[in-house]
1. Counting only DSSP beta bridges with both residues in segment 1-154, what percent are antiparallel, rounded to the nearest 5?
2. Report the net charge of residues surrounding Phe187, where surrounding means a beta-carbon distance below 10 angstrom and charges are Lys +1, Arg +1, Asp -1, Glu -1.
3. With only alpha-carbon atoms in the gyration tensor, what are the semi-axes of the equivalent ellipsoid for segment 164-220, in Å, largest first?
4. Provide the FRET efficiency to the nearest 0.05 for the Lys219-Ala165 pair, computing r from the beta carbons and using R0 = 22 Å.
5. Tell me, which longest segment in the chain has none of the trypsin sites (Lys or Arg not before Pro) that fall in DSSP loops with at most 11 further Cβ atoms within 10 Å?
6. Picking from Asp87, Asp216, Asp203, which is most flexible by a Gaussian network model of the chain using Cα springs under 10 Å?
7. Roughly how many Å² is the accessible area per residue of the chain, as a whole number, for a 1.4 Å probe?
8. Counting only Cα atoms, I'd like the Rg/Rh figure for the chain, Kirkwood definition for Rh.
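The values are calculated or read from the model by the stated rules, or taken from the named source; none is laboratory data. Here the structure is a predicted model, which is why all the values come from computation and not from measurement. Here the Cβ positions follow ideal geometry from the backbone for every residue, glycine too, while neighbour counts run over all protein chains shown. Side chains included, ligands, DNA and RNA excluded: accessible areas come from the protein's heavy atoms. Shrake-Rupley method; radii C 1.70, N 1.55, O 1.52, S 1.80 Å.
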Amino acid sequence: MTSTYGDVEVSAQGLPEWLLPVARLAETIEPRQLSRFLPPAQGGGRPSAVLVLFGEGPGGPELLLMERSGSLRSHAGQPSFPGGALDPEDGDPEEEGPLRAALREAEEETGLDPSGVQVFAVLPRLYIPVSGFVVTPVLGWWRRPTPVGPVDPAETARVFTVPVADLTDPANRATTVHPSGHRGPAFLVGSALVWGFTAGVIDRILHYAGWERPWDRAKRVPLDWRA
């Protein structure tokens with residue numbers, strides 16, 4: 001299936017077989033199936049986008065993540081998808097804006113070449129109450145990988161890939177409890193604790209793609225797990 005947002009093409013043609021369940025879930029998933037935090041009904045919030053980029057590495061299917069700099073005002077030191085707020089030049093927030101923003105921010109943060117990314121789906125917009133961002137997850141296939149790494153250390157501490165097999169491994173899964181009392185899924189992968197919005201999106205993709213394996217939801221991990 002191919003569609004167009006403004007002048008940006010979104011196509012699932014030519015995806016590897018293992019990625020097709022993700023493309024299929026994107027066609028039917030409802031916002032409430034992804035998160036209980038949805039954009040305010042009365043409008044508002046800052047339009048933004050993230051790039052959920054799947055690739056294929058030595059360990060099989062993988063996902064691109066980055067760790068935000070510890071000096072940032074928002075979500076400091078937190079692993080996340082590449083992404084950020086829309087700029088005026090990105091275009092219409094209801095059309096091509098989120099797609100352009102996701103690719104632009106990923107290039108600015110990780111140095112990847114956007115021409116090697118095939119955008120194959122867009123998920124419903126979600127909301128991050130603590131920062132007021134209205135976030136569009138843009139799904140991409142890294143059909144032509146290029147070297148990546150922190151472009152600006154003031155924004156990005158590191159860039160890394162995580163094998164999907166590590167994300168689905170029950171031993172790497174846990175629940176975090178935020179100081180606010182909110183509980184959410186988390187992933188202990190490598191030297192990173194992936195939690196919050198990013199973990200929530202990964203958790204739902206694994207679930208609806210049929211990749212999730214039973215895991216111990218009673219297992220708790222503190223946000224200061226390295227302490």
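1. So the antiparallel bridges in segment 1-154 amount to around 70 percent.
2. For residues surrounding Phe187, the net value is -2.
3. Working: eigenvalues 59, 29, 24 Å².
Largest first, segment 164-220 gives 17, 12, 11 Å.
4. Details: r = 19 Å, r/R0 = 0.86.
Rounded to the nearest 0.05, the efficiency is 0.70.
5. 74-216
6. Of Asp87, Asp216, Asp203, the Gaussian network model singles out Asp216 as fluctuating most.
7. On a per-residue basis, the chain sits at 47 Å².
8. Details: Rg = 16.5 Å, Rh = 17.7 Å.
Ratio value, two decimals: 0.93.
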